[in-house]
Amino acid sequence: MRAMPPLPSAPARVLIIKPSSLGDVVSAVPVLRGLRRSFPRAHIAWLLAQSCAPLLEGDGDLDEIILFDRKGLGRWWRSPKAAGDLWRFRKRLREAGFDWVIDLQGLLRSALFARFTGARVRAGFARPREPAARAFYTHAIHTGAPHTVDRNIELAQALGIDARGEDFVLRPNPAAAARVQQFLGEAGLAGKTFLVLVPPTRWPTKRYPVRHWRSVAAKLAGEAPLVLAGSLADRPLCDEVAGGLGQAVVNLAGRTGVADLAELIRRSAGVVCSDSAALFIAPAVGTAVVALVGPTQPVRTGPYRLGRAIVSSVKCQGCLKRTCSHITCMQLIDPSVVVQAARDMLRRSEP
């Protein structure tokens, strides 16, 4: 195994590459915190997808967000405009003068972006998600931690960055907090104890059946107000969950952006969610979470330090498949178990 070259002196300009998805971005926040602690005078930038950028806008540890238009730039091979945009994006990365780049995404594309910068230090995982990515790193870091947050921290520590588990923190966003306060006031929830339910998730195999969500919501609505969250595209799903359950269930799907979601969760007594970004956001804002997990593996991507994952006892649980003919792992999660876990969160939130 080839030894890594020694690290040069402390960096003046650092770029973190972790464009998406939202949960993945949150998992990388300890690297940002550690960089700022270790190199307080450095200029720290983060390459982010536009959909994720609001989560870190205004963060005091971050000097710059470089927006990445994945969909637009992905058309470079068939669109002259997109090809020109990619060339300008590459030029911007090159001219930014980064001397350290940390690629936490581990894809060939993200490694190429690191190479575009011309930075002397281009660090990434020795076993990236796409093996070809490793060819573009000057420092390929071996990690052994099972959880994705700890792997990011371990990579940072190998570079001499003082990243810590307690750095898994999303700081308050004042503008988003004001919007959430308005939402809660309009719903009559200002100052009240409430739970957030997040039914949507991207993979079909991660979806908890609507009938189960309705059973959970119906039982919990008699004990505390419930707020359903999701994107505008998730509104029909959340409508289906909330239908006929009365005013104790408030559907905010489509009304909250990603920064608003974090602030909504921060003010809640707890979160019940499918395996989605909310699973990461909740502990990062100091809120307990109950995550309903089927095809993924809690030891790798479950709630970090605060909360619990509920899984069913089937042999194929944790298969990591995005398609499945039966999705038994989600079908067999008992709503009564979910309800009891949510009640435990409510009880712990009582003064």
> Has the range 81-102 got any residue that is charged (D, E, K, R), farther than 23 Å from Ala177 by Cα, at pLDDT 95 or above and touching a helix residue (DSSP H, G or I) at 6+ places or on another chain (Cβ under 7 Å)?
Replying inline: yes
> Are any residues in the range 121-145 surrounded by fewer than 16 Cβ atoms within 10 Å (Cβ to Cβ) and either at pLDDT below 95 or part of a helix (DSSP H, G or I) (or both), and if so, which ones?
Replying inline: Pro131, Ala132, Ala135
> Among the residues of the range 205-223, how many are farther than 16 Å from Leu252 by Cα and of a type in the set (A, V, I, L, M)?
Replying inline: 4
> Residue check: is Pro295 more than 30 Å from Ala178 (Cβ to Cβ), in a loop (DSSP other than H, G, I, E, B) and not hydroxyl-bearing (Ser, Thr, Tyr)?
Replying inline: yes
> For the range 25-55, how many residues meet the condition of being more than 16 Å from the chain's Cα centre (by Cα) and either at pLDDT below 95 or part of a loop (DSSP other than H, G, I, E, B) (or both)?
Replying inline: 4
> Can Ile66 be described as crowded, with 18+ Cβ neighbours inside 10 Å, of a type in the set (Val, Ile, Thr) and outside any strand (DSSP E or B)?
Replying inline: no
> In the range 165-207, what residues are of a type in the set (Ser, Thr, Tyr) and either part of a loop (DSSP other than H, G, I, E, B) or not assigned by TED's automatic domain parsing to the domain that holds Gly307 (or both)?
Replying inline: Thr193, Thr201
> Which condition number does Val210 fail, the rest of (1) over 18 Å from the mean Cα position of the chain (by Cα); (2) within 16 Å of Arg343 (Cα to Cα) being met?
Replying inline: (2)
> What are the pairs, 6+ residues apart or on separate chains, where a residue within the range 90-101 that is under 20 Å from Pro8 (Cα atoms) and in the same structural domain as Ile65 (by TED's automatic domain parsing) has its Cβ under 7 Å from a residue that is at pLDDT 95 or above and exposed (fewer than 14 other Cβ atoms within 10 Å of the Cβ)?
Replying inline: Asp99/Ala12
> So which pairs qualify, if the first residue must be in the range 103-120 and part of a loop (DSSP other than H, G, I, E, B), the second must be at pLDDT 95 or above and among the polar types (S, T, N, Q), the Cβ gap must be under 9 Å, and the two must be at least 6 apart or on different chains?
Replying inline: Leu104/Ser27; Leu104/Ser110; Leu104/Asn152; Ala119/Thr138; Arg120/Thr138
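The values are calculated or read from the model by the stated rules, or taken from the named source; none is laboratory data. Quick caveat, the model's predicted, so the values are computed rather than measured. Every residue, glycine as well, gets a Cβ built from its backbone with ideal geometry; the counts of neighbours run over all protein chains shown.
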